[in-house]
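Here's the structure, in structure tokens; my notes come after.
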Amino acid sequence: MKYISTRGTAPELTFQDAMLTGLARDGGLYVPAEIPTLSAEEIRALGGLSYEETCFRVMWPFLGGTFTEEEFRGCIARAYAGFGHAARAPLVQLAPNHFLLELFHGPTLAFKDFAMQLIGQLFQCALSKTGQKITIVGATSGDTGSAAIEAFRGLDNVDVFILFPHGRVSDVQRRQMTTPEDANVHALAVDGDFDTCQARVKDMFNDFAFRDEVGLAGVNSINWARVLAQVVYYFTSAVSLGAPDREISFTVPTGNFGDIFAGYIAKKMGLPIGKLVVATNQNDILHRCLTTGEYKPDGVVPSISPSMDIQVSSNFERALFDALGRDGKAVAQLMDELKAGGFTVPQGALQALQELFTSGRCSEEETRATIARLRETTGELLCPHSAVAVKVAEELRDPATPMITLATAHPAKFPDAVEAASGIRPGLPPRMADLFDKEERVTRVADDLAAIEALVRDRRRA
Ligand SMILES: *Cc1c(COP(=O)(O)O)cnc(C)c1O
């Protein structure tokens with residue numbers, strides 16, 4: 001199994017190298033040279049299996065010999081042992097043929113734990129064989145950072161630096177990043193928004209001298225291993241509702257396009273997915289692009305669903321790559337145009353994208369109203385991201401096809417917004433009730449690449 005870059009010129013890599021590298025050296029993202037498929041029979045056989053066993057069967061064909069079966073099974077077992085729900089990703093019914101997939105039972109209460117906990121284990125397994133030391137640098141709009149810190153804290157061969165937009169993450173999100181005491185954890189509050197943080201991380205990866213000096217590794221949602229880990233719950237949930245003998249649709253609250261892209265991979269692997277609905281908040285660049293073909297960032301407007309406050313949606317490049325017939329040169333050209341302000345998806349590619357993805361937008365008002373209404377009609381208290389998706393799913397779903405809407409965070413991660421909308425203040429699960437008693441450790445930094453690189457050099461322990 002080989003991995004190729006969406007911009008066509010970086011060297012082909014194995015799964016292990018694609019996982020440890022993150023961003024390709026030509027600025028592109030790694031994707032498998034081809035997508036393995038599961039037959040209807042193999043998919044049917046997933047019925048009734050544990051989350052862990054399904055994880056093994058779905059991911060194994062992509063790993064290309066990086067790990068032994070026994071190593072990989074061990075990583076999976078350790079990754080999900082700390083989840084607060086035996087099903088890992090339980091499904092709850094909201095209405096006839098509308099289901100909510102609860103992806104917030106991991107250690108930091110967001111779906112990012114599914115991928116991050118697993119790649120923490122995979123990194124450790126790979127690095128312990130080579131003795132290599134690495135520096136993980138990641139940008140976060142709130143949830144990736146805490147999930148990465150939780151997955152890599154205390155590891156000997158790894159330092160973790162997380163850049164988050166100062167003042168733009170919730171108190172719970174910030175505290176999850178700033179309160180771990182491990183010496184290898186470094187939280188950096190950057191003066192800027194999420195796109196700024198993500199741009200500086202990309203700059204560090206493109207500074208090859210720095211990249212090699214500190215052994216830079218990326219765990220942002222551009223990391224292929226993360227996307228792959230997220231493919232698993234599309235299978236577990238769809239199979240529990242009757243796939244492969246029945247079509248199932250999904251709605252995904254979308255920011256960086258990682259989670260929805262995992263759904264696209266599940267579909268390419270053979271899972272009969274009907275609609276794949278991209279749900280955005282008021283930062284609706286993806287909805288506009290999928291509707292008109294114009295991709296023109298015009299500034300992030302902070303919302304009550306901050307993990308989706310994104311205008312430069314990294315994983316969209318992977319979808320574009322396929323829609324453009326895997327023409328890396330064409331992708332590179334559009335990405336150059338993006339640097340200069342925006343691009344227009346060529347007509348044929350837009351049509352290809354529209355056949356795969358449907359999209360909708362949910363305003364702040366609608367998000368609050370949906371939180372309140374679902375609480376009344378179902379008893380389910382939604383986080384604002386999940387509410388965005390439920391609203392869009394209700395609008396776009398076909399009543400005859402089961403719709404699974406992804407609930408990406410626990411409401412207690414966004415207590416102020418949830419309380420303002422519903423009058424109910426969601427409490428943290430008991431296992432993290434002391435979060436507000438702990439001391440915070442954070443470094444404020446300007447939006448200055450040289451200063452951030454100096455800080456990384458200085459703080460890393462290797
Ligand atoms: C990261 C995140 C999203 C967006 O996921 P993408 O993979 O970036 O599209 C949605 N909701 C929550 C709670 C998140 O943390």
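If I ask for residues that are in contact with a Leu (Cβ under 6 Å, 6 or more places away or on another chain) and either within 15 Å of the ligand (Cβ to nearest atom) or modelled with pLDDT under 95 (or both), which ones from the range 368-388 would you list? I371, L382, listed by residue number.
Taking every residue in the range 235-260 that is within 22 Å of N223 (Cβ to Cβ) and not assigned by the TED database to the domain that holds T196 and pairing it with any residue that is basic (K, R) and more than 16 Å from the ligand (Cβ to nearest atom), at least 6 positions away or on another chain, the pairs with Cβ-Cβ distances below 9 Å are F235/R57; T236/R88; F250/K275. Looking only at residues that are modelled with pLDDT of 95 or more and basic (K, R) in the range 389-433, which one is nearest to S146 (Cα to Cα)? It comes out as R425.
Here the condition is being in contact (Cβ under 8 Å) with a residue 40 or more places away in the chain and touching a helix residue (DSSP H, G or I) at 6+ places or on another chain (Cβ under 8 Å); of R460, R397, R444, it holds for R460 alone.
When restricted to residues that are free of Cβ contacts under 8 Å to residues at least 60 places away in the same chain and within 16 Å of the ligand (Cβ to nearest atom), the range 127-139 contains 0.
Scan the range 255-299 for residues that are within 15 Å of the ligand (Cβ to nearest atom) and in a helix (DSSP H, G or I) and the total you get is 14. Restricting the first member to the range 12-41 and to residues that are free of Cβ contacts under 8 Å to residues at least 40 places away in the same chain, and the second to residues that are basic (K, R), the beta-carbon pairs closer than 9 Å and six or more apart or on different chains are E12/K2; L13/K2; A24/R7; A33/K2; E34/K2.
Of all residue pairs spaced 6 or more apart or on separate chains, those with beta-carbon atoms under 7 Å, a first member in the range 295-320 that is without any contact (Cβ under 8 Å) to a residue 40 or more places away in the chain and a second member that is surrounded by 22 or more Cβ atoms within 10 Å (Cβ to Cβ) are V301/N283. Contact annotation: residue pairs with Cβ atoms under 9 Å, 6 or more positions apart or on different chains, pairing a residue in the range 400-420 that is within 17 Å of F436 (Cβ to Cβ) with a partner that is in a strand (DSSP E or B) and near the ligand (Cβ under 9 Å from one of its atoms), are H410/A110; K413/A110. Residues in the range 304-348 that are aliphatic (A, V, I, L, M), out of contact with any Pro (no Cβ under 9 Å at 6 or more places or on another chain) and either closer than 30 Å to F414 by Cβ or within 12 Å of the ligand (Cβ to nearest atom) (or both): I310, A319.
Hey, which of the helices (runs of 4 or more DSSP H) in the range 300-396, taking only ones fully inside, have at least 3 residues that are surrounded by fewer than 17 Cβ atoms within 10 Å (Cβ to Cβ)?
Details: elements: 316-323, 328-339, 347-356, 364-378, 384-396.
By residue number, 328-339, 347-356, 364-378.
Report yes if Q124 is more than 13 Å from the ligand (Cβ to nearest atom), of a type in the set (S, T, N, Q), over 30 Å from V312 (Cβ atoms) and in the same structural domain as E247 (by the TED database), otherwise no. Criteria not met by Q124. Filtering the range 421-450 to residues that are farther than 20 Å from V169 by Cβ, surrounded by 12 or more Cβ atoms within 10 Å (Cβ to Cβ) and of a type in the set (A, V, I, L, M, F, W, C) leaves I424, L449. Consider the range 66-88 and keep the residues that are small (G, A, S) and free of Cβ contacts under 8 Å to residues at least 60 places away in the same chain. The one that is surrounded by the most Cβ atoms within 10 Å (Cβ to Cβ) is A79. The range 1-113 holds strands (runs of 3 or more DSSP E) entirely within its bounds, and those carrying 1 or more residues that are in contact with a helix residue (DSSP H, G or I) (Cβ under 8 Å, 6 or more places away or on another chain) and either modelled with pLDDT under 95 or not assigned by the TED database to the domain that holds V239 (or both) map to 3-5, 30-32.
Does at least one position in the range 234-244 carry a residue that is within 16 Å of the ligand (Cβ to nearest atom), in a helix (DSSP H, G or I) and of a type in the set (A, V, I, L, M)?
Taking the range 234-244 as the starting set, the residues that turn out to be within 16 Å of the ligand (Cβ to nearest atom) are 234.
In the following step, the residues that additionally are in a helix (DSSP H, G or I) were identified as 234.
Among the residues that remain, those that are also of a type in the set (A, V, I, L, M) are: none.
For the range 234-244, residues within 16 Å of the ligand (Cβ to nearest atom), in a helix (DSSP H, G or I) and of a type in the set (A, V, I, L, M): absent.
Looking only at the range 235-265, which residues are aromatic (F, W, Y) and over 22 Å from N281 (Cβ atoms)?
F235
The values are calculated or read from the model by the stated rules, or taken from the named source; none is laboratory data. Remember, predicted model here, so these are calculated numbers, not experimental data. Note that we place each Cβ from the backbone using ideal geometry, even for glycine, and neighbour counts take in every protein chain shown.
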